[in-house]
Amino acid sequence: MYDLINPATGEVFRSIEMTTADGVDAAVARAKAAFPAWRDLAPADRARLLRRFADLVEEHREELARTEVENAGHTIGNARWEAGNVRDVLTYYAAAPERLFGRQIPVAGGLDLTIAEPLGVVGVIVPWNFPMPIAAWGFAPALAAGNTVVLKPAETTPLTALRLAELGLAAGLPEGVLQVVPGFGPEAGARLVEHPDVRKIVFTGSSAVGRAIMARCADRVKRVTLELGGKSPNIVFADADLDKAAAAAPYGVFDNAGQDCCARTRIYVEASVYDAFLERFLDACRGVVIGDLLDEKTEMGPLISAAQKARVASFVDAVPEQDIAFRGEVPDNGGFWYPPTVVTGAAPDAAIQCEEVFGPVVTVTPFGSEAEAVAAANGTEYGLSGSIWTRDLSRALRVSKAVQSGNLSVNSNSSVRYSTPFGGFKQSGLGRELGPDALAAFTETKNVFIAL
Ligand code: NAD
């Protein structure tokens, strides 16, 4: 049995059984057996089941959200959004089964057709930071395209994934089509990666584990989508709406206590407005509401675990005290709280500027020219998200083209919309989730030539 700990209190609230490698094998066997019938189901019926699944998620939205508050330490507002995102992702992909079009390509001597075929059993491995949405970004398009899914949630946060699988069954998904196997990464996760009957792995998590999984998948040329770490820049030009940029910046990094792969953890501000921005930004940081997770006004909660808290602290402890421009107040109750922290004066090669901290910690650094800002933004091995604040449209487009990142937003800190592609450049990942791109990631193109 594995103890689940409420991050806001540090107390065990439940224990669950972990799936062994044998248990994973059994789940994969069930998924393999369920695949042909699911693949061959009338597209309209697959669509109807996914819509019903979405409806059940909506009906149970509050229950799912409250489970996530207890299990992952999310604020109730965020957790409600996350459950709503699962509903939206299911609804969006419910339209797909009837629209998985192939092509007819002009060729000499016959007729040429392409068919988008499902892969078979797909393994989805999910981290603890957004357990519900990230699970759905994997299973919804996979199921819509006719695959069956075995999903392994993170050890610490399995409860909402388990509940979603129950809701899927209640919606009418046949046995074996969507299964959840809570388990440890090196045992249950590794078995899913190695299993010869798993045709594809969708992995979201750290870059280190992602690299190892990609290497293992190479043995069988197993398909893989990787969503890995980030160190996203937030670039504020002098012509930006400074009030807006500064007011939004705390939420671009302290949301989910910074445990967000898209967190805007490096703020770069044009030197001529640096002081003006910093003053407004620190004011906004002071306003972040931290505490009771079930209070709708609360904006930031605890970290996931004692280990994560120690890791975040190790980055900040290496910073000279005079470079800490702000440190917030957090409850002192045995939970894994870490104060929102603003660091100035960090060198470009400091660990806090280059490595993913995955906590409520942000650096603020001045820049001179546009070229300098772009070079700084591109100065890490990551390339997941980023923001550009400016009123100059040409500059917004120029910088968007120059920053090596999969998801950029101009005058906004948002990264995720269920209908648009999401994924990383460089070591932030491989492939895209969400939007139409995810369907391509869960199908294989078959070309058929018919001689006439
Ligand atoms: P992690 O890599 O430790 O674990 C992720 C998942 O992989 C867990 O389910 C874990 O059990 C499993 N796992 C661990 N070792 C494994 C192995 N050897 N074989 C198979 N599975 C294994 O990551 P984490 O600490 O849970 O999550 C935080 C990381 O996730 C951060 O780096 C964050 O940036 C990243 N992340 C990326 C995205 C994105 O979309 N790019 C989204 C969210 C989180």
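Sequence-distant or interchain residues sharing an amide H contact under 5 Å with residue 345, placed H: which?
364
Taking H as built 1.01 Å from N, whose amide H comes closer than 5 Å to the amide H of residue 200, not counting residues under 5 places away?
Close amide H contacts, sequence-distant or interchain: 123.
Two-decimal Rg/Rh of the stretch 12-53 from alpha-carbon positions, Kirkwood Rh?
1.20
Would you mind checking which residues have amide H under 5 Å from residue 178's amide H? H placed 1.01 Å from N; only 5 or more apart, or other chain.
Correct list: 149.
Using packing as a proxy for protection, rank 252-258, 16-22 so that the peptide with the highest average count of other Cβ atoms within 10 Å comes first.
252-258, 16-22
Just to be sure I understand the curve: with the Debye formula and one point per C-alpha of the stretch 251-344, what is log10 I(q)/I(0) at q = 0.11, 0.12, 0.20, 0.23 Å⁻¹?
Evaluating at q = 0.11, 0.12, 0.20, 0.23 Å⁻¹ gives log10 I(q)/I(0) of -0.33, -0.40, -1.10, -1.39.
Label residue 58 and residue 355 with points 7 Å out from Cα along Cα→Cβ: what is the distance between them in nm?
Output for this residue pair reads 4.6 nm.
Please get the size of the charge dipole for the stretch 133-282, origin at its Cα centre, with Cβ charges of +1 on Lys and Arg and -1 on Asp and Glu, quoted in debye to the nearest 20. Kindly include the intermediate steps, with their values, before the conclusion.
Working: 15 positive and 16 negative charges, 140 e Å.
Approximately 680 debye in magnitude.
Figure the gain on full extension for residue 447 and residue 103 (residue separation times 0.36 nm, minus the Cα-Cα span) and round it to one decimal in nm.
Result for the pair: 122.9 nm of gain on full extension.
For the chain, what is the calculated [θ] at 222 nm in deg cm²/dmol (nearest 500), taking -39500 (n - 2.57) for each run of four or more DSSP H residues and dividing by its residue count?
Details: 15 runs with 177 residues, N = 452.
Using -39500 (n - 2.57) per qualifying helix, the result is -12000 deg cm²/dmol.
How large is log10 I(q)/I(0) at q = 0.11, 0.16 Å⁻¹ when the Debye formula is applied to the Cα atoms of the stretch 11-146, each weighted equally and without solvent?
Calculated log10 I(q)/I(0) at the listed q: -0.53, -0.97.
Please state the shape class of the stretch 27-85: rounded when a/c is under 1.5, otherwise prolate if a/b exceeds b/c and oblate if not, all from the C-alpha gyration tensor.
It comes out oblate by the Cα gyration axes.
At a temperature of 25 °C and a viscosity of 0.890 mPa s, determine how fast the stretch 170-224 diffuses translationally according to Stokes-Einstein, using the Kirkwood radius over alpha-carbon pairs as Rh; express D in µm²/s, rounded to the nearest whole number. Present the calculation step by step, with values, prior to reporting the outcome.
On the way: Rh = 12.4 Å.
So the translational diffusion coefficient is about 198 µm²/s.
Among the chymotrypsin sites (Phe, Trp or Tyr not before Pro) within the stretch 84-180, which fall in a DSSP loop and have no more than 11 other Cβ atoms within 10 Å of their own Cβ? Intermediate values should be presented prior to the final figure.
On the way: sites: 92, 93, 101, 128, 137, 139; in loops: 101, 128.
Passing sites in the stretch 84-180 are 101.
Let me spell out the model: positive unit charges on the Cβ of Lys and Arg, negative unit charges on the Cβ of Asp and Glu, origin at the Cα centre of the chain. What dipole size does that give, in debye rounded to 20?
Using Cβ point charges on Lys, Arg, Asp and Glu, the chain gives about 1560 debye.
Cut-off under 21 Å on the C-alpha distance; same-chain residues fewer than 8 positions from residue 152 excluded. Which lysines are left, in chain and number order?
Leaving aside lysines fewer than 8 places away in the same chain, those within reach of residue 152 are 32, 200, 222.
By the scheme Lys and Arg +1, Asp and Glu -1, what is the net charge of all other residues having a beta-carbon under 15 Å from that of residue 15?
-4
Let me check the size of the stretch 186-312 from its C-alpha atoms; what are the radius of gyration and Dmax in Å?
Rg and Dmax of the stretch 186-312, Cα atoms, are 19.7, 58 Å.
What's the long-distance tail for the stretch 334-452, i.e. % of Cα pairs beyond 17 Å?
68
For the stretch 53-160, build the charge dipole from Cβ charges (+1 Lys, Arg; -1 Asp, Glu) around the Cα centre, then report which of 146, 136, 89 sits farthest towards its positive end.
146
Within the set 244/426; 401/426; 244/309, which residue pairs have Cα atoms separated by over 22 Å?
Going by Cα-Cα distance, 244/426; 244/309 fall outside the 22 Å limit.
What FRET efficiency comes out for residue 347 versus residue 247 if R0 is 45 angstrom and r is the Cβ-Cβ distance? Round to the nearest 0.05.
The pair residue 347/residue 247 has a calculated efficiency of 0.95.
Output ³J(HN,Hα) for the stretch 346-353: one whole-Hz value per residue in order, computed from phi by the Karplus curve 6.51 cos²θ - 1.76 cosθ + 1.60 with θ = phi - 60°, and x for Gly and Pro.
Using θ = phi - 60°, the values come out as 6, 5, x, 9, 5, 3, 5, 8 Hz.
Using a cut-off of 10 Å between beta-carbons, work out the net charge of the residues near residue 237 (Lys and Arg +1, Asp and Glu -1, residue 237 not included).
Working: positive: 391, 395; negative: 239, 270, 370, 392.
Surrounding charge for residue 237 is -2.
Starting from the eigenvalues of the Cα gyration tensor, five times each then square-rooted, give me the equivalent ellipsoid semi-axes of the stretch 407-452, largest first, whole Å.
On the way: eigenvalues 203, 31, 14 Å².
Semi-axes (√(5λ), whole Å): 32, 12, 8.
Using a Förster radius of 60 Å, what is the FRET efficiency between residue 3 and residue 117 based on their Cβ-Cβ separation? Nearest 0.05, please. If you can, show how the numbers build up before the last one.
Numbers: r = 43 Å, r/R0 = 0.71.
E between residue 3 and residue 117, to the nearest 0.05, is 0.90.
Normalised by the empirical 2.2 N^0.38 Å for globular proteins, what value does the Cα Rg of the chain take?
Here the Cα radius of gyration is 1.01 times the empirical estimate.
Suppose every Lys and Arg Cβ carries +1 and every Asp and Glu Cβ carries -1, with no other charges. What dipole size does the stretch 1-92 come out with about its Cα centre, to the nearest 20 debye?
So the dipole magnitude of the stretch 1-92 works out to roughly 480 debye.
Using a Förster distance of 30 angstrom, determine the FRET efficiency expected from the C-beta separation of residue 175 and residue 13, and round it to 0.05.
E between residue 175 and residue 13, to the nearest 0.05, is 0.50.
None of the figures in this text is laboratory data; all of them are computed from the coordinates on show. Please read these numbers as outputs of a predicted model, since none were measured by experiment. Reconstructed Cβ throughout: ideal geometry from the backbone, glycine too, with neighbour counts over all protein chains shown.
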